[in-house]
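Asker: Can you keep this structure in mind? I'll have questions shortly.
Every number in this text was worked out from the coordinates using simple rules, so none of it is lab data. The model shown is predicted, which means the values in this text are computed figures rather than measured ones.
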Amino acid sequence: MTPIEHTPERDWFKSSRSANNAACVEVRYAGGAVAVRDSKDLGGPILAFTGPAWSGFVATIQADPR
C-alpha cells in the first residue's frame, strides 16, 4: 500500500447512500490511488488501493450487497 497524506476535508466524500450513522467510510482519489478512511476518525489511518483493486471491490459489493 502507498502512504497517503492527510488533506483538507473537501477532498473526501461519502456515498450518497450513506445513512447518518457511525458505520461509514470516506473515499478520495489521490495520485492514482483510492484512499479510504473511517468517517469517525478523520485523523486516523488511511488505506490506499490501486484503481483496479478498488474497482474490483466495488463490483463485488454491487453484485452481492448483503
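Asker: Sort the range 9-63 into rounded, prolate or oblate with this rule: let a ≥ b ≥ c be the square roots of the eigenvalues of the Cα gyration tensor; rounded if a/c is under 1.5, and if a/c is not under 1.5, prolate when a/b is larger than b/c, oblate otherwise. Working shown, then result.
Answerer: On the way: a/c = 1.92, a/b = 1.16, b/c = 1.65.
Judged from the Cα gyration tensor, the range 9-63 comes out oblate (a/c at least 1.5, b/c at or above a/b).
Asker: Once you have the Cα-Cα distance between Leu42 and Phe13, take 0.36 nm times their residue separation minus that, and quote the gain in nm to one decimal.
Answerer: 9.3 nm
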